[in-house]
Amino acid sequence: MRSHDPHLQGRCGQGYLWTALVPGQCMIYEWHTSRAVRCLDSLLGPGFAGKRQCDGYSAYPAFAKEKAMRALFGCWAHARRNFFEAQEQAPRVTGWILNQIGLLHRWEEDLRRNRAGPVLRQVQRSSHHRMVIERLSRALKKLRPEWRLDKA
């Protein structure tokens, strides 16, 4: 790809491919020479309001900060990684949490394998998934009562 950065003309440089998916509509790709929060403003637009699923990279909270109509959601794979790494310190607790997250992953895999449509996915997530997420929320609040998962 050619860079629009005049400092990089004629040379190779490091860059980042930012992506955004609008389910059922489109996939957007945008190339930037940095990972700064301004790249998200360019990709999504400064007036973006909605939900953004993302990893723990610091640009995402900065993008959503003080903007009531922007909500961030993490993914279970990234959450799982932290519990997996903590297994030595608390094997019983982390084992139980990893098992709960495993249920979610297995159900999602079943939905993908069976090529479930949006309605079936929503029904499954509203019943089975919600039950597991509420159970996880209660357990995590008992472990760390100062965490406010319902306010995050």
When residues of the range 9-45 are limited to those that are polar (S, T, N, Q) and not in a strand (DSSP E or B), the one nearest to residue 117 (Cα to Cα): 25
Select from the range 68-84 the residues that are in contact (Cβ under 8 Å) with a residue 12 or more places away in the chain and over 22 Å from residue 136 (Cβ atoms) and write down the one among them that is farthest from the chain's Cα centre (by Cα). 69
Which one is farthest from residue 122 (Cα to Cα), of the residues in the range 46-81 that are aliphatic (A, V, I, L, M) and assigned to a loop (DSSP other than H, G, I, E, B)? 68
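The numbers here are math on the coordinates, done by the rules we state, and not lab data. Just so it is clear, the structure is predicted and the values come from calculations on it, not from any experiment. Neighbour counts are summed over all protein chains in view; Cβ atoms, including those assigned to glycine, are modelled from backbone coordinates with ideal geometry.
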